[in-house]
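**Q** Please see the structure below; I have some questions.
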Amino acid sequence: YAITYNNPRWTKTHLTYSILNYTPYLPRAVVENAIERAFKVWSDVTPLTFERVFEEEGDIVFSFHRGDHGDNNPFDGPNYGLAHTFPPGPRLGGDVHYDLDETWTDNSENFNLFYVTAHELGHSLGLTHSRDIGALMFPSYTWYTEDFVLNQDDINRIQALYGPSPNPIQPTGATTPHPCDSHLTFDAITTFRGEVMFFKGRFYIRVNNFMPEAELNLIGILWPNLPGKLDAAYEVSMIDQVRYFKGNKVWAVREQSVLRGFPRDIHSFFGFPSNVTHIDAAVSEEETGKTYFFVDHMYWRYDENTRSMDSGYPRLTAEDFPGINDKVDDVFQKGENFYFFHQSVQHRFNLRIRRVDDSRDSSTWFNC
Amino acid sequence: FPVFQDGLRQNVETAWKYLEKYYNLGKDLQAKNVTSKEVMAEKLRQMQQLFGLKVTGNSDPETLRAMSKPRCGVPDVAP
């Protein structure tokens, strides 16, 4: 694992910390809470414990600085450089410096103090940056959402230094999907302005004809207001909208914005009965404006032109889509085909002859 | 030198400052008996690999975009 040069680490497991000063953008209690929560991120997965001290300087000192602050690493005003930290050691070692000129927040606005602190504490404990784009220790600030989960890469690396947590139940972290993993499954798939986008956890994998390799990135980079772990997605190309589903909520997106008034519940927006609590997969047939919603082994049909549910539904999926016998996890349209996904297998359903004419593993889209 | 291919002096400066700040460009130039072009291209490749970008050794638009994202700077271990 990539650990700071010479692998500096703390030789004791109980560390102290002190807070030298504060940002003017947040109440003191909020700063203190953010720092406490950031410590918990690491103490949950290691034997390390942390205690705040008031009368003396802690092993780890938190402070906010503007510009040149005498450590040969001057800050640069708003944006760009946000914070830096020294590897474990005496005096300056382990200390966390924040740029006083940043707007620090306790929400998803830039820049979330808890998220940056959790990252910086990784350095305080001896970690360097990670190559895993989903890791907390990835070097650039990506996006912060309330459902923060430490990545398995971060856990593996910190445990390589300090060992596992003494808790009987070992924590597991989120993992970053690898497009060429033949066992990869997806939360949702949709077309998006001629491209195909696959969703998994907090990530999207984007495929377009002009790029030889699939692009992997965080959903939050494109749509900060969308949640991770989506259930389904589909594009209504005639109105240039993509709709995302999670639980009984739907988000409508155009370009990089969630449209005003969303999320809404699927019952009032589409007219689903109240016993439908989620959507497994959805696709809108471009030529007819008919949208198919798959839930368990049934499907509903919705008319995008009249904005109403067609009568006579739900119907059994296998009856009207011969060959699609399993629950549909994801589906999208390309040309005259619907591509149905179940676990890591995809079935190509030809809309003209109304049958499955090919089945393959799901990673064929990524030029592996 | 690839960095100059775009002809944008500002891009070169952006890349230079970034690599100086996060990849010890200046220090490695002093320490190694190689040209600045070689060191800079090597640092660019390291940076591109880390960020999952196409590894070209050039300061292409994707690389410059990644460089302009807010990030954390880890001070080196030297006193």
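Throughout, read-outs are computed from the coordinates displayed, never taken from laboratory work. Just so you know, these numbers come straight off a predicted model, no measurement behind them. Every residue, glycine among them, receives a Cβ derived from its backbone with ideal geometry; neighbour counts consider all protein chains shown.
**Q** Collect residues whose amide H, placed 1.01 Å from N in the peptide plane, falls under 5 Å from the amide H of A:Gly247; neighbours closer than 5 in sequence don't count.
**A** A:Asp231, A:Ile279
**Q** Quote the Stokes-Einstein diffusion coefficient, in whole µm² s⁻¹, for the range A:263-348, based on the Kirkwood radius over alpha carbon pairs, a temperature of 37 °C and a viscosity of 0.692 mPa s. If you can, show how the numbers build up before the last one.
**A** Values: Rh = 13.3 Å.
Value of D from the Cα-based Kirkwood radius: 247 µm²/s.
**Q** Can you tell me the Rg and Dmax of the range A:169-253, counting just the alpha carbons, in angstroms?
**A** That works out to 13.5, 50 Å for Rg and Dmax.
**Q** Please arrange A:Phe270, A:Phe75, A:Phe62 by how many other C-beta atoms lie within 10 Å of their C-beta, fewest to most.
**A** On the way: A:Phe270 20, A:Phe75 23, A:Phe62 27.
Arranged by neighbour count, lowest to highest, A:Phe270, A:Phe75, A:Phe62 become A:Phe270, A:Phe75, A:Phe62.
**Q** In the range A:100-206, what GluC sites (Glu not before Pro) fall in a loop by DSSP, with at most 16 other Cβ atoms inside 10 Å?
**A** On the way: sites: A:Glu102, A:Glu109, A:Glu120, A:Glu146, A:Glu195; in loops: A:Glu102, A:Glu109, A:Glu146.
Loop-located and lightly packed - A:Glu109, A:Glu146.
**Q** Can you find, among A:Pro166, A:Pro177, B:Thr35, the residue farthest towards the positive end of the dipole of the protein assembly as shown? Put +1 on the C-beta of Lys and Arg, -1 on that of Asp and Glu.
**A** B:Thr35
**Q** Let me ask something else. Is there a quick way to get the dipole size of the range A:236-342? I mean about its Cα centre, with the Cβ of Lys and Arg at +1 and of Asp and Glu at -1; what is the value in debye to the nearest 20? Working shown, then result.
**A** Values: 12 positive and 17 negative charges, 108 e Å.
It works out to roughly 520 debye.
**Q** Only Cα pairs under 8 Å and at least 6 apart count here; give the relative contact order of the range A:50-172 as a rounded whole percent. Walk me through the numbers before you get to the answer.
**A** Working: 171 pairs, mean separation 22.3, N = 123.
18 percent.
**Q** What is the set of long-range amide H partners of A:Phe75 at a cut-off below 5 Å, with H atoms built 1.01 Å from backbone N?
**A** Close amide H contacts, sequence-distant or interchain: A:Gly67, A:Asp68, A:His69.
**Q** Can you tell me, using C-alpha contacts under 8 Å and at least 6 residues apart, the relative contact order of the range A:194-258 as a whole percent?
**A** Reported as a whole number, the value is 22 percent.
**Q** Could you tell me which Cys residues in the protein assembly as shown have no other cysteine's Cβ under 4.7 Å from their own Cβ, answering none if every one has a partner?
**A** Result for the protein assembly as shown is B:Cys72, no neighbouring Cys Cβ within the cutoff.
**Q** For A:Ala160 and A:Tyr25 in one chain, what is 0.36 nm times their gap in residues minus the Cα-Cα distance, to one decimal in nm?
**A** On the way: separation 135, 0.36 × 135 = 48.60 nm, distance 3.64 nm.
Extra length from A:Ala160 to A:Tyr25 when fully extended: 45.0 nm.
**Q** Where Lys and Arg each count +1 and Asp and Glu each count -1, what net charge lies around B:Val34 among other residues with Cβ under 15 Å from its Cβ? Don't skip to the end; give the middle numbers.
**A** Values: positive: B:Lys27, B:Lys32, B:Lys37, B:Lys43, B:Arg45; negative: B:Asp28, B:Glu38, B:Glu42.
Around B:Val34, the charge tally is +2.
**Q** What number results when the radius of gyration of the range A:200-353, computed over Cα atoms, is divided by 2.2 N^0.38 Å?
**A** Values: Rg = 15.2 Å, N = 154, 2.2 N^0.38 = 14.9 Å.
For the range A:200-353, the normalised Cα radius of gyration comes out at 1.02.
**Q** Can you work out the Karplus-derived ³J(HN,Hα) for every residue in the range A:248-255? Use 6.51 cos²θ - 1.76 cosθ + 1.60 with θ = phi - 60°, whole Hz, and x for glycine or proline.
**A** Result, rounded to whole Hz: 9, 10, 10, 10, 9, 10, 10, 6.
**Q** Could you pull out every residue, at least 5 positions away or on a different chain, whose amide H is within less than 5 Å of the one on A:Tyr25? Hs are placed 1.01 Å off N in the peptide plane, and Pro or chain starts have none.
**A** A:Trp104
**Q** Kindly write out, for the range B:60-74 in residue order, the coupling ³J(HN,Hα) from the Karplus curve 6.51 cos²θ - 1.76 cosθ + 1.60 (θ = phi - 60°), rounded to whole Hz, with x marking Gly and Pro.
**A** 6, x, 4, 5, 5, 5, 4, 5, 8, 6, x, 7, 9, x, 9
**Q** Net charge around A:Thr191, counting only other residues with Cβ within less than 13 Å of its Cβ (Lys, Arg = +1; Asp, Glu = -1)?
**A** Values: positive: A:Arg193, A:Arg206, A:Arg243, A:Lys334; negative: A:Glu195, A:Glu235, A:Asp240, A:Glu285, A:Glu286, A:Asp330.
Residues close to A:Thr191 contribute a combined charge of -2.
**Q** Mind listing the phi-derived Karplus ³J(HN,Hα) values for the range A:112-118, rounded to whole Hz, using 6.51, -1.76 and 1.60 with θ = phi - 60°, and x for any glycine or proline?
**A** Ordered by residue, 3J(HN,Hα) equals 6, 5, 4, 5, 5, 5, 4 Hz.
**Q** Dividing the convex hull volume of the Cα atoms of the protein assembly as shown by its residue count, what figure in Å³ per residue is obtained?
**A** Working: hull volume 78.4 nm³, N = 447.
Here the figure is 175 Å³ per residue.
**Q** Quote the relative contact order of chain A in percent (integer), defining contacts as alpha-carbon pairs under 8 Å separated by 6+ residues.
**A** Taking the mean separation of contacting Cα pairs over the length of chain A, I get 11 percent.
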